[in-house]
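Heads up: the structure comes next, in structure tokens.
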Amino acid sequence: MKNIFRKMHPYMFIILSFFGVILIGAILLVMPFASKTGESFGFVNSLFMSTSAVCVTGLSVMETSLGADMTVYAKIIMAILMEIGGLSIITITVFFFTVIGGKIGISRGYLIKESLNQDTMKNIVSLVKNIVAISFSIQIICALLNWYAFYEFLDKSVEAIDHKIIKSLGISLFHSSASFNNAGFDILENNGALYSLMAFSTDAKMLSNFSVYMVNYTTMFMIFTGGIGFVVIQDVIQKRRWKYFSLHSKITIITSLVIVIIGTIIIKFTTHISFTDSLFTVITSRTAGFDTYGMHLLKYNPPSFITIISLMFIGASPCSTGGGIKTTTFAITLIAIYHFARGKKTSAFKKSIDNDQIIKSFVLVAMAVMIIIAATFFILVNQPELGTDRVLFEVVSAFSTTGLSMGITNMLNIGSKFIVIFLMIFGRIGLLTIIGVLNKNWIHKDFDEIEYVKESVIIG
């Protein structure tokens, strides 16, 4: 068994670990006692929900909402799956392995390095410990801050709810897990109605300003922190000063801030909603999936529709809980185009960018576009009545593991559900991880000794 582990490509191990957790989650959710009605959700729906949780997407095929359809048992399973998906099974396993005094060998160290998208195994165990400590600290603190807000939501609910203090704490803990891990699930309910976070919109006027702004800004903080990447967080904590930050951290921070600022301005002036709701919509569109605006309204607002699809496509940052092509990929692609147009070598912050990174960025963008187009095509062939705009939105949302929807997720038939399932898996694991399995020289990093004669090909 040990020899198999050593010979197995680390990327294959990462892929199999995700598939394994998804399958276990589906088996746990298919049980009759996972549903409040006592009837099983069915294997396909359970598989869809497990995939959505492990891939921290947030798309749901439930008839009404998680809160209305799922029992406490199912909600706990969903929360565990989100944590595993956000931090990865490898990170969590290594953390507990080191806590009990286990040693990390070279093969396991290489596996962790690849799982966390690192260039070196140096200080990898320290990074894992910091990831887990930071993640749970932020989630617990924000859950306590939001506790009263969710208690007020239950207090204003039409139905009588016993044990509101305990239930509101459970909702707050679940919400923190869904927020930091960029999953976007919610378990709020009001007579079975699907709410997401619509009740906490500044325009809803349902709750006190304290509760509304507390939930909005703590949620945005958790989404942004979880999506900025653990490497950047560690860089900020340890180095503190901008000039000492790595090139990766500088590009990630600048790109993330620029995207949020530009996106907020566009949403604010095209939807005419409040600044808080505009900011929330932009941040949640970067792979989180909570909704205070109402994505179904986008069909009346093309500028906002295009903006949110673009935000979902770009997504979060590497080594984070979010998906998408990632901010660094987007930034390097733009930087490379700019320098190519000027006839100069690609650089940023007075540091040159390796050609391998540029090629990876363009390959990733090209593959993502092709997969999105193909998935949209096949779903439309399968269910043309859904409409191109809504299907495209759903496909980008699934691939970027965002979880926003224009209301068609529970309309998908079995064929379309499996397409979305694979989109979520590809989006979470990463396209470069999947195609990286083809690299047979992953241990030695050898290059082919044969060099072919170069010949030009006309481009453009």
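For this structure, a couple of remarks:
- Some residue of the range 313-334 being more than 20 Å from GLY86 (Cα to Cα), in contact with a His (Cβ under 7 Å, 6 or more places away or on another chain) and surrounded by fewer than 22 Cβ atoms within 10 Å (Cβ to Cβ): no
- Within the range 282-307, the set of residues being part of a helix (DSSP H, G or I) and either aromatic (Phe, Trp, Tyr) or within 22 Å of GLY229 (Cβ to Cβ) (or both) comprises VAL282, ILE283, THR284, SER285, TYR300, PHE305.
- Any hit, the range 416-429, residues being assigned to a loop (DSSP other than H, G, I, E, B) and under 20 Å from ILE22 (Cα atoms): no
- Qualifying residue in the range 215-236 (condition: touching an Asp or Glu at 6+ places or on another chain (Cβ under 7 Å) and surrounded by 19 or more Cβ atoms within 10 Å (Cβ to Cβ)): no
- Residue match in the range 427-449 (condition: loosely packed, with under 14 Cβ neighbours inside 10 Å, out of contact with any Lys or Arg (no Cβ under 9 Å at 6 or more places or on another chain), modelled with pLDDT of 75 or more and over 21 Å from VAL369 (Cα atoms)): no
- The set of residues from the range 317-358 being charged (D, E, K, R) and in contact (Cβ under 8 Å) with a residue 60 or more places away in the chain comprises just one member, LYS351.
- Check on MET370, farther than 30 Å from THR255 by Cα and modelled with pLDDT of 90 or more: no
- Put simply, of ILE273, ILE251 the only residue that is in a loop (DSSP other than H, G, I, E, B), modelled with pLDDT of 85 or more and β-branched (Val, Ile, Thr) is ILE273.
- Yes/no for THR401 being surrounded by 21 or more Cβ atoms within 10 Å (Cβ to Cβ), within 22 Å of VAL232 (Cα to Cα) and modelled with pLDDT under 95: yes
- Some residue of the range 16-26 being within 19 Å of TYR73 (Cα to Cα), part of a loop (DSSP other than H, G, I, E, B), touching a Leu at 6+ places or on another chain (Cβ under 9 Å) and modelled with pLDDT of 90 or more: no
- Residue among GLY387, GLY407 that is at positive phi and at pLDDT below 90: GLY407
- ILE259 β-branched (Val, Ile, Thr), in contact with a Pro (Cβ under 8 Å, 6 or more places away or on another chain) and either surrounded by 15 or more Cβ atoms within 10 Å (Cβ to Cβ) or in a helix (DSSP H, G or I) (or both): no
- Residue within the range 303-318 that is polar (S, T, N, Q), touching a Gly at 6+ places or on another chain (Cβ under 6 Å) and farther than 20 Å from LEU392 by Cα present: yes
- Residues of the range 27-60 that are buried (at least 24 other Cβ atoms within 10 Å of the Cβ), of a type in the set (A, V, I, L, M) and in a helix (DSSP H, G or I): LEU29, MET49, ALA53, VAL54.
- Where a residue in the range 290-304 is in contact (Cβ under 8 Å) with a residue 12 or more places away in the chain and under 16 Å from THR388 (Cβ atoms) and its partner, wherever it lies, is small (Gly, Ala, Ser) and outside any helix (DSSP H, G or I), with Cβ under 8 Å and at least six apart: MET295/SER405; MET295/GLY407; HIS296/GLY407
The values are calculated or read from the model by the stated rules, or taken from the named source; none is laboratory data. Please read these numbers as outputs of a predicted model, since none were measured by experiment. With ideal geometry, Cβ positions are generated from the backbone for all residues, glycine too; neighbour counts draw on all protein chains shown.
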